[in-house]
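Beneath this line is the structure, given in structure tokens, with notes to follow.
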Amino acid sequence: MALLFVSAHDHAPDWVAELTAQLPGIEVRVWPSGHRDVRVWPEGLGDPAEIDTALVWKPPAGLLASLPNLKVIFSLGAGVDALLADPTLPGLPLVRMVEPGLTEGMTEYVCLHVLRWHRDAPLFEARQRAGVWRQLTHQHLARERRVGILGLGALGGDAALALKALRFDVAGWSRSPKHLEGIATYHGAEGLGPFLARTDILVCLLPLTPETEDILDAGLFAQLPRGAVVINAARGRHLVEEDLLAALDSGQLAGATLDVFRTEPLPASHPFWSHPKVTVTPHVAAITQARTAVEQVVDGLKRLAAGRPLVNLVDRARGY
Ligand code: NDP
Ligand code: OXD
């Protein structure tokens, strides 16, 4: 039996090397064919009946349904919204990605961009471009800056603790109640308003589900203190783009860092590219890498072989 690897990225060689090092004898098939530098294993599906495991990022709709003996689907991404959007997705165990590299990468991204706004880096970058030497007379300390994280899961929880270690005044919002040392926690619809009212820098790390789609809209921005900043590193469809532009233009929001977009790549004509208050990064906040992520997949395969329960299973009813 074989593992089918599907990804638009060129990291198939790393995955094949890591998987075969840990599970000698495993057959990995890479789809689609034509990956750069992939020369040493069969490309393409081969006999679909021989595939029992899939390790995938955004496979085309219908591909997984065409594998009659598939037993488990591992997502290369933490977010499984694209997979769940395929109406033909087989009702098999679906394991999402939780791995140290992804978590550490996201925490670095969040800390970088929170600090960037906190220390007025965009302002000084603009002044440098204009050749202006002007100091600020008042400097906020991190403990005076209230950061709020939407989503306190694998990524949001780690980022919250790292920001706390930098002395920020951190709060988080989740669906169910949470206890995180030193973090003010809020949950559910009734917790959202009070959470937003005390948030100067808002970070979105929610999964994209029917409940969270369009959550970053005018109504939410209006509940933040005037001059707040929004960082979206989750999914583009969390954000109502025109509401963000209006909130930036009115001064309700002072800035935004966006890693994810409704359309990716972000179209060349999109106003975000040149907006003076927007920082754009190309969906790179955190990337699953074979060297840190292979252990989760290997552990899953061993659990499956031993009949032990899988971990990080997606709850399809919740959508994450
Ligand atoms: P988790 O499933 O571990 O955490 C999700 C968190 O969101 C949980 O705390 C959950 O609450 C909360 N949540 C979900 N739905 C709601 C809701 N309706 N109301 C309130 N809280 C809610 O996910 P991860 O932390 O691993 O990942 C989060 C997302 O980050 C991914 O889904 C993906 O979209 C995005 N991502 C982006 C990357 C990038 O490069 N830009 C890289 C990796 C991930 P509870 O704890 O109560 O269940
Ligand atoms: C993910 C992502 O969900 O990279 O892992 O966006």
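Aspartates and glutamates near LYS277 by alpha-carbon distance under 18 Å, same-chain residues fewer than 8 away left out - which ones?
Qualifying aspartates and glutamates at Cα under 18 Å: ASP120, GLU125, ASP200, ASP217, GLU241, GLU242, ASP243, ASP249, ASP259.
May I ask you to list the chymotrypsin sites (Phe, Trp or Tyr not before Pro) in the range 87-149 that are in a DSSP loop and have at most 10 other Cβ atoms within 10 Å of their Cβ?
TRP133
List the lysines whose Cα sits under 23 Å from the Cα of LYS178, skipping any in the same chain fewer than 8 residues away.
Leaving aside lysines fewer than 8 places away in the same chain, those within reach of LYS178 are LYS164.
For the range 89-154 and the range 200-236, compute the distance between their C-alpha centroids and round to whole Å.
If you average the Cα positions of each part, the centres end up 14 Å apart.
Have a look at GLY255, GLY236, GLY62 and tell me which one the Gaussian network model of the chain (Cα, springs below 10 Å) gives the largest fluctuation.
Among GLY255, GLY236, GLY62, the largest GNM mean-square fluctuation belongs to GLY62.
Determine the gain in length on full extension of the stretch ALA61-ALA184; use 0.36 nm per residue of separation and subtract their C-alpha separation, reporting nm with one decimal.
Extending this stretch completely gives an extra 40.2 nm.
Arrange VAL28, VAL98 by Cβ neighbour counts within 10 Å, fewest through most, would you?
Listing VAL28, VAL98 from fewest to most nearby Cβ atoms yields VAL98, VAL28.
Normalised by the residues of the range 162-273, what does the relative contact order come to in percent, with Cα pairs under 8 Å and at least six apart?
20
Based on other C-beta atoms within 10 Å, arrange THR53, THR199 from fewest to most.
THR53, THR199
What area, in nm² and to one decimal, does the C-alpha convex hull of the chain cast on average over all directions?
18.4
Under a cut-off of 17 Å between alpha-carbon atoms, report the aspartates and glutamates in cross-link reach of LYS302, not counting same-chain residues fewer than 8 places apart.
Reachable aspartates and glutamates: GLU18, GLU27, ASP52, GLU99.
What span do the alpha-carbon atoms of the range 65-137 cover on each of the three principal axes, reported in whole Å from largest to smallest?
Result, largest extent first: 66, 24, 15 Å.
Order by neighbour count: ILE149, ILE26, fewest other Cβ atoms within 10 Å first, most last.
By the 10 Å Cβ count, ascending, the order reads ILE26, ILE149.
Quick check: convex hull of the Cα atoms in the range 100-280, volume per residue, rounded to a whole Å³?
125
The numbers here are math on the coordinates, done by the rules we state, and not lab data. Keep in mind the model is a prediction, meaning the values are calculated, not measured. Note that we place each Cβ from the backbone using ideal geometry, even for glycine, and neighbour counts take in every protein chain shown.
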